[in-house]
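Engineer: First the structure, which I've put down as structure tokens, then a few questions once you've had a look.
The numbers here are math on the coordinates, done by the rules we state, and not lab data. Quick caveat, the model's predicted, so the values are computed rather than measured. Using ideal geometry, Cβ is built from the backbone for each residue, glycine included, and neighbour counts are taken over all protein chains shown.
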């Protein structure tokens, strides 16, 4: 009896230790989250001032981030505008036309891989197919541009949108398809006017998530949009973006620039977190309305 | 618009004509969709092709020696991949060593230990970590974590474990184990391979733990309840029932995290120190493939540019294989579930 009760004690102790370690692990995760957010808040709010939104980066420590914000907005807009139609259509093909086929399965599989492919390699890809050819058109002066940056971001947004569209369309009840087809509606009309509408809020969530993802991307922009210290609204120019300026300023020895970088980091983090919150709200509201 | 106009006109010759037109539109539409889907394929092939093509000079000049050479000298235009490849693999390896047990702990806590009302908020908080842009991790790592590491963690590691302590007296560990070399460093700053590994670990914890948590929930309740009925403790159920049942998907989740860690650029670039040197110590600065590209590409030309492209190709191939394994492993459980 003594051995079995000591075995019992041993097992109980082991259980308590393991479960306490799991609590510790969760606390570690939460502490890091709190630490990162707290420092971004503290340093960022301390450096917030109005000129951040009105002055451009050419003034350095006395300047702001206005051109970077405008650049970010334009480059992200280009990226989303390219990725959304292609992504939704590709997702529709996966869900409606190729569900269960070999090609469909492999593309779904490869899309998941593209989803976590290194963004810097995608940046180099866009550098090769957009920046280099346009450089040869202009007699050798390297033509970094907002367009190239937008294409790079579109490549990163694309798999996110493909995946959510695919998943959301597959959630649409098949009775809807059967009812429409039995009325003699052609499949393209059924897809564009009924199915995509039924899955609309899910697809919007995907687009918002993709936007949240690309607005924090830095690496692919370094050699596509490159950066620009002056305000420009023309995507054919070099363009700066918020993450790229943060990268540049944080690596600079100047303390004043660090403060601006923190302020930019704060704005960026808030934007990204609000976006992911918004995407969740869109999704949860749609769930309620379906019930 | 066009479709509506067509529909009105078609009322006259009814039936046949209209069916033919619908079929034609359907065909065109499905080609359009298929074309968009094939673009995904084209992106992957294109990224591999473009970097291979861009790296052809480097591969041609250095041959297989490229992979094992630690040279990096823009002066004489000799480059080798060993330093960045080692940095990439080592930082990701450290990240996994830290992140896997922590993620398992988080997933265990969220699926078995935590009271139900606490699960959703804690899970969303952990997932918030995944939403923070990597540049923010980079800044936090550079300005907050690296100095903290240099002041509070690094001295302890170098003095008690490393072979280059401040007072010159080697500890027992440094004399008798390989840890001495691993933790020996006289570099005074916080940027190091270990720092990058820790920051990467924080970044991939939410990915691995959310996959683990998700697959833990697929374990049939019957299986767990049977084990509880036989008198198992929560830990025994998790370790001997839940984990073996979900093994392939858990490994898939870990590889997914590894894929992220390998390709991560910004966070690593900030805290790795960017030194093109091969040091046995993980407390010395190093370089990773992604950080080397981010730092040098815009100023590189000729053979150096080609070398960076070649490095990107290597990175892409390695991540592709890792992610392929990850997705395949994750699929195993889905098949088992009959999905």
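Engineer: Mind listing P(r) for the range B:97-162? All alpha-carbon pairs, 10 Å bins, whole percents.
Structural biologist: 17, 30, 32, 19, 1
Engineer: Moving on to the next point. In cubic angstrom, how much convex hull volume per residue do the alpha carbon atoms of the range B:1-147 span?
Structural biologist: 322 Å³
Engineer: Going out from 0 in 10 Å bins, what whole percent of all Cα-Cα distances in the range A:197-291 drops into each bin?
Structural biologist: In order of increasing distance, the bins hold 15, 34, 28, 16, 7, 1 percent.
Engineer: What are the radius of gyration and Dmax of the range A:12-77, computed over its Cα atoms and given in Å?
Structural biologist: 21.2, 65
Engineer: Between residue A:129 and residue A:236, what is the label-point separation in nm under the 7 Å Cα-to-beta-carbon projection?
Structural biologist: With each label placed 7 Å out from Cα toward Cβ, I get 2.3 nm.
Engineer: Could I ask something else about it? When only alpha-carbon atoms are used, what values of Rg and Dmax, in angstrom, describe the protein assembly as shown?
Structural biologist: Considering the protein assembly as shown through its Cα atoms, Rg and Dmax are 26.6, 100 Å.
Engineer: Along the three principal axes, how long is the range A:132-291 when you take its alpha carbons, biggest first, rounded to the nearest angstrom?
Structural biologist: 66, 40, 21
Engineer: Before rounding to the nearest 500, sum -39500 (n - 2.57) across all DSSP H runs of length at least 4 in chain A and divide by the residue total; then give [θ] at 222 nm in deg cm²/dmol.
Structural biologist: -23500 deg cm²/dmol
Engineer: Please label the shape of the range A:1-152 as rounded, prolate or oblate, based on the square roots a ≥ b ≥ c of the eigenvalues of the alpha-carbon gyration tensor (a/c under 1.5 means rounded; beyond that, a/b larger than b/c means prolate, else oblate).
Structural biologist: oblate
Engineer: In addition: Ignore the peptide's own chain and count Cβ atoms of other chains within 10 Å of each Cβ in A:4-11; give me the average, rounded.
Structural biologist: 1
Engineer: Could you let me know the centre-to-centre spacing of the range A:243-274 and the range B:180-244, using Cα atoms, in angstrom?
Structural biologist: 32 Å
Engineer: Please find the FRET efficiency linking residue A:105 to residue A:277, where r is the Cβ-Cβ separation and R0 is fixed at 35 Å, and quote it to the nearest 0.05.
Structural biologist: 0.55
Engineer: OK, next. Quick check of the Kirkwood formula: for the range B:121-197, what is the inverse mean of 1/r over all pairs of different Cα atoms, in Å?
Structural biologist: For the range B:121-197, inverting the mean 1/r across all distinct Cα pairs yields 14.0 Å.
Engineer: When only C-alpha pairs under 8 Å and at least 6 residues apart count, what is the relative contact order of chain A, in percent?
Structural biologist: Contact order relative to length: 27 percent.
Engineer: Sorting B:195, B:319, A:128 on the 10 Å Cβ count, fewest up front, what's the list?
Structural biologist: A:128, B:319, B:195
Engineer: Between residue A:61 and residue B:70, with labels modelled 7 Å along Cα→Cβ, what's the label distance in nm to one decimal, could you check?
Structural biologist: Simple spin-label model gives 4.0 nm for this pair.
Engineer: Please quote Rg/Rh for the range B:214-339 to two decimal places, taking the Kirkwood radius as Rh and restricting both calculations to Cα atoms.
Structural biologist: 1.20
Engineer: Go ahead and run the numbers for FRET between residue B:17 and residue A:229, Cβ-Cβ distance against an R0 of 45 Å, rounding to 0.05.
Structural biologist: 0.15
Engineer: Extending each Cα 7 Å along its Cβ direction at residue A:285 and residue B:77, get the distance between those two points in nm, one decimal.
Structural biologist: 6.0 nm
Engineer: For each of B:18, A:12, count neighbouring Cβ atoms within 10 Å of the residue's Cβ, then give the residues from fewest to most.
Structural biologist: So the ranking, lowest neighbour count to highest, is A:12, B:18.
Engineer: To the nearest 0.05, what FRET efficiency results for residue A:193 and residue A:252 with a Förster distance of 56 Å applied to their C-beta separation?
Structural biologist: Efficiency at R0 = 56 Å is approximately 0.60.
Engineer: Let me ask something else. At 0.36 nm per residue, and after removing the present C-alpha to C-alpha distance, how many nm does the segment from residue B:321 to residue B:240 gain when stretched out fully?
Structural biologist: That works out to 26.2 nm of additional length.
Engineer: Can you tell which of A:195, A:30, A:208 shows the greatest fluctuation in a Gaussian network model of chain A with Cα springs below 10 Å?
Structural biologist: Comparing A:195, A:30, A:208 in the GNM, the peak value goes to A:30.
Engineer: Another question, if that's okay. Can you pull the Kirkwood radius for chain B, inverse mean 1/r over Cα pairs, to one decimal in Å?
Structural biologist: Roughly 23.6 Å, rounded to one decimal.
Engineer: Also, I was wondering about something else. Over 30 Å apart: what share of the alpha carbon pairs of chain A falls there, rounded to a whole percent?
Structural biologist: The proportion of pairs with Cα distances above 30 Å equals 48 percent.
Engineer: If you wrap a convex hull around the C-alpha atoms of the range B:173-253 and split its volume per residue, what is the figure in Å³?
Structural biologist: Dividing the Cα hull volume of the range B:173-253 by its residues yields 147 Å³.
Engineer: Return the calculated 222 nm mean residue ellipticity for chain B, to the nearest 500 deg cm²/dmol, obtained by summing -39500 (n - 2.57) across DSSP H runs with n ≥ 4 and dividing by the residue count.
Structural biologist: Here the helix-only value at 222 nm equals -21000 deg cm²/dmol.
Engineer: Provide the packing ranking of B:278-285, B:216-223, i.e. peptides ordered by the mean count of other C-beta atoms within 10 Å per residue, highest first.
Structural biologist: Output ranking for B:278-285, B:216-223: B:278-285, B:216-223.
Engineer: When only alpha-carbon atoms are used, what values of Rg and Dmax, in angstrom, describe the range B:216-259?
Structural biologist: Just the Cα atoms of the range B:216-259 yield Rg and Dmax of 12.0, 39 Å.
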